[in-house]
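The values are calculated or read from the model by the stated rules, or taken from the named source; none is laboratory data. In this text the structure is predicted, and so the values were computed from the model without any measurement. Cβ coordinates were reconstructed from backbone atoms using ideal geometry, including for glycine residues, and neighbour counts include every protein chain displayed. Ligands, DNA and RNA are excluded from the accessible area calculation, which covers all protein heavy atoms including side chains. Shrake-Rupley method; radii C 1.70, N 1.55, O 1.52, S 1.80 Å.
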Amino acid sequence: MSVLFDNPVQPVLEVPTDPIKWQHSTSISDPAARWRIYLHSLGLEALMSWFQEEFDQAVGSWPHAAPFDIWHVVEGLPLSLGNNRIVVILAETIDAAELRVPQEWVDLPGWSADYYIAAYVDVDAQHLVLWGYTTYGQLQFKSDYDPAERVYRLKEIDLVQDFSTFWVAQQMEQVQSSPIDMLPDLSATQAESLVQQLAHVPDPRLAINFSQWGALFSNDQWRQALYIKRQNATTVSIEDWLENIFEQGWQSLDVLLPQSQISRLRSDADGTAVLTCGKKIFLNTAPDDLLLMFSVDIEANKRRNIRIQLYPSSDTILPNNVMLALELSETGELLKSVKAGAHDDYIQIPPFRCSAGQRLRVHIQLAESTCQEDFIS
């Protein structure tokens with residue numbers, strides 16, 4: 001392969017490792033998805049900084065600041081640069097002599113890019129190299145489509161590897177060479193059924209035909225629902241907690257937090273509850289982790305007395321308008337909800353009692369970012 005890291009026309013960006021970004025991704029159950037999200041988070045920060053330094057145009061991440069709901073199944077960093085859209089494809093192998101673009105970035109209406117950039121990232125060496133790019137028209141004209149993996153493959157020889165020409169090229173209007181087929185309409189019932197169907201499969205993007213997948217995945221609400229469902233494929237059990245068995249991300253409070261931080265929590269159940277445990281929650285729109293905390297008392301008739309609270313992980317106050325809600329898992333029926341005000345240092349669902357085996361859901365939301373945790377009492 002002709003990629004040369006000391007080539008002045010192939011930009012080399014610094015990509016420092018970030019323990020906080022890794023911590024944010026630890027709640028993701030699938031190891032491959034967790035690493036892909038971490039890698040793309042590192043790459044996004046480096047690329048945003050580089051584009052802002054090199055171009056006198058607005059730079060943004062698309063469709064929102066940290067698209068975990070895309071990265072958990074589809075590779076690619078979508079950016080807007082002025083009026084152009086760019087998708088950067090990250091690879092960790094230096095011997096890959098081609099650009100592999102997932103079909104979603106080419107054939108979904110509203111998702112295609114003006115430019116596709118091939119990048120090699122080495123986390124150990126903490127650098128990212130932009131080694132080639134192409135346009136939408138050239139990708140369609142010269143690439144080979146692989147139906148087994150649903151990717152467009154473009155050989156190294158067909159990529160422009162001199163990024164000094166990119167400064168001029170990105171100013172020119174790019175004409176897309178062929179129309180994109182419209183996707184079928186999905187009803188809410190069909191979408192919900194697909195979300196359930198794809199929640200447990202290893203690679204959901206290949207599990208159904210592309211038109212169905214595209215219709216589901218390109219819808220912001222349904223894509224977010226799929227992401228949430230796949231991160232919560234395991235329903236947490238209070239009965240397991242009582243046996244000191246904790247699912248991914250959940251821990252007893254004395255393990256999760258230092259004693260100094262535990263002492264500042266206001267829950268008067270800390271001293272009397274049979275069980276107190278928590279999980280750090282990351283929302284794209286929140287500046288830092290949040291702490292979801294459960295306190296549980298077991299009454300004489302085995303009924304559960306449950307208190308659910310939400311705290312800031314390190315800041316002194318919660319983000320304004322973050323919502324904590326309790327729902328029925330089976331129907332999504334809202335039972336109780338509360339929102340943080342401008343100066344709240346915690347919020348809580350009013351304490352409630354329920355029988356053992358009740359299926360419930362905690363829903364946390366801030367702006368367009370949501371997180372759900374299903375549990376059995």
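Report the FRET efficiency, 1/(1 + (r/R0)^6), for Asp181 and Val201, where r is their Cβ-Cβ distance and R0 is 25 Å, rounded to 0.05.
Details: r = 24 Å, r/R0 = 0.98.
After rounding to 0.05, the efficiency reads 0.55.
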Rounded to the nearest 0.05, FRET efficiency between Phe55 and Glu239 (Cβ-Cβ, R0 51 Å) equals 0.35
Rg (one decimal) and Dmax (whole number) from the Cα set of the stretch 12-180, in Å, equal 15.3, 43
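In whole percent, how big is the carbon plus sulfur part of the accessible area of the stretch 184-233, probe 1.4 Å, protein atoms only?
Working: 1120 of 2360 Å².
Its accessible area is 48 percent carbon and sulfur atoms.
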In whole Hz, the Karplus estimates of ³J(HN,Hα) for the stretch 348-365 (6.51, -1.76, 1.60; θ = phi - 60°; x where Gly or Pro) are 8, 6, x, x, 9, 10, 8, 7, 5, x, 6, 8, 9, 9, 9, 10, 10, 9
With the stretch 184-233 reduced to its Cα atoms and the Debye formula applied, log10 I(q)/I(0) at q = 0.23 1/Å amounts to -0.78
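What ranking do 340-347, 13-20 get when scored by the average of other Cβ atoms within 10 Å per residue, highest first?
Taking the mean over residues of other Cβ atoms within 10 Å, the ranking is 340-347, 13-20.
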With label points set 7 Å from each Cα along the Cα-to-Cβ direction at His127 and Lys336, the distance between them in nm comes to 5.6
Expected unfolding gain across His64-Gln212 under the 0.36 nm per residue rule, minus the alpha-carbon gap, is 51.0 nm
HN-Hα couplings for the stretch 116-129 via Karplus (6.51, -1.76, 1.60; θ = phi - 60°), in whole Hz with x for Gly/Pro, come out as 10, 10, 8, 9, 10, 10, 10, 5, 5, 7, 6, 9, 10, 10
Taking a straight Cα-to-Cα line shorter than 23 Å from Lys142, and setting aside same-chain lysines fewer than 8 residues away, one finds Lys155
Reduced to Cα centres, the span from the stretch 34-94 to the stretch 358-376 in Å works out to 27
For His343, placing the label point 7 angstrom along Cα-to-beta-carbon and taking the stretch 299-336, residues whose amide nitrogen sits under 14 Å are 317-318
Excluding residues fewer than 8 positions from Lys21 in its own chain, the lysines with Cα under 25 Å of it are Lys229, Lys279, Lys280
For the stretch 56-61, Karplus-derived ³J(HN,Hα) couplings (6.51, -1.76, 1.60; θ = phi - 60°; whole Hz; x for glycine and proline) come out as 9, 9, 5, 10, x, 8
